[in-house]
1. Every residue in segment 195-216 that is of a type outside the set (S, T, N, Q), within 21 Å of THR44 (Cα to Cα) and touching a residue at least 40 places away in the same chain (Cβ under 8 Å), please.
2. For the structure I just gave you, tell me whether GLN212 is surrounded by fewer than 13 Cβ atoms within 10 Å (Cβ to Cβ) and either within 16 Å of the ligand (Cβ to nearest atom) or assigned to a helix (DSSP H, G or I) (or both).
3. For segment 108-135, enumerate the residues that are of a type in the set (Gly, Ala, Ser) and within 11 Å of the ligand (Cβ to nearest atom).
4. From the list GLN206, GLN158, exactly one residue is farther than 19 Å from VAL94 by Cα and of a type outside the set (Ser, Thr, Tyr). Which is it?
5. When segment 126-148 is examined, which residues are found to be surrounded by 13 or more Cβ atoms within 10 Å (Cβ to Cβ) and in contact (Cβ under 8 Å) with a residue 60 or more places away in the chain?
6. Does segment 139-153 contain at least one residue that is under 17 Å from the mean Cα position of the chain (by Cα), within 28 Å of PRO69 (Cβ to Cβ) and modelled with pLDDT of 95 or more?
7. Among residues belonging to segment 168-209 that are aromatic (Phe, Trp, Tyr) and assigned to a strand (DSSP E or B), point out the one that is surrounded by the most Cβ atoms within 10 Å (Cβ to Cβ).
8. Looking at (1) more than 12 Å from the ligand (Cβ to nearest atom); (2) on the phi < 0 side of the Ramachandran plot; (3) of a type in the set (S, T, N, Q), find the lone condition where ASN143 falls short.
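The values are calculated or read from the model by the stated rules, or taken from the named source; none is laboratory data. Note that the structure is a prediction, hence the values are computed from the model and not measured. Here Cβ is always computed from backbone atoms with ideal geometry, including for glycine, and neighbour counts include all displayed protein chains.
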Amino acid sequence: MSDHQPEKRYEGKAKILYSTADPDVLLTYFKDDATAFNAQKKGTIQGKGEINCTIASVLLQWLETKGIPTHFIEQPKSNEMLVKAVTILPVEVVVRNIAAGSLCKQTGLKQGTVLPQPLVEFFLKDDALGDPLLTRDRLMLLNIVTPDQLQELTDYAQKINALMQEFFVSCDITLVDFKIEFGTDKNGTILLADEISPDTCRLWDQQIADPQARVLDKDRFRQDLGKVEDAYQNVQARVLAQAKALQ
Ligand code: UDP
């Protein structure tokens, strides 16, 4: 039996990372805490930890079977995920299929505009600076990634988007946009890390035309649309049903 005492390595807004007996493995605990607008809005979404952990586990495992290397190892409890230890790259990679959120605010594009092709964007992971949008040259200037790594991230982002669109279409859900994070393991290999969940994706119910009623993601919390828990549970049920159908 291991006498390892888990140590808290890092606590973020939605998750806590603990050490395990194996230095190459970390335990992620998913919290019910929700934040928005750079943590200016705070609250709790009942059951979110378990739901997001479950959805992320299903999606990361599925992506792994499709050739995307991820940090996922296993989901030992409903709100806990064992992951490979990685050094997280300080960029948030956002992929968009339909205009929403900051893209509309910054460009004037109308919310709901279908983009002619998926847009891959990079934001600096820095709350104090408000996570600014980065250009390719700024990424190079800040030495965040090498040109080869940037190409690799872009290729992975496009591939993950195509796969996730395929998965969510089968759930009758439109994948509007999402944020992913990557890390490097001790060999320098890039792995998809963090989570993919209604906290990090915009998901619209394909059966519903009303622009507020169709929202199945954290925008319900951001915009006080109500029925936040229902939306997260709804996504979980559809994702689990689709995972079962794929078995
Ligand atoms: N996103 C995220 N974490 C962030 C910022 C964005 O998970 O810190 C997700 C967000 O849920 C959406 C996508 O990334 O699915 C694009 O977000 P956007 O740039 O439009 O920012 P927002 O207006 O949502 O802050």
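1. Scanning segment 195-216 gives GLU195, ILE196, PRO198, ASP199, ARG202, LEU216.
2. For GLN212, the condition - surrounded by fewer than 13 Cβ atoms within 10 Å (Cβ to Cβ) and either within 16 Å of the ligand (Cβ to nearest atom) or assigned to a helix (DSSP H, G or I) (or both) - is met.
3. GLY130
4. Exactly one residue qualifies, and that residue is GLN206.
5. Correct list: ASP131 only.
6. Looking for residues that are under 17 Å from the mean Cα position of the chain (by Cα), within 28 Å of PRO69 (Cβ to Cβ) and modelled with pLDDT of 95 or more, one finds at least one in segment 139-153, hence yes.
7. By that ranking, first place goes to PHE182.
8. (2)
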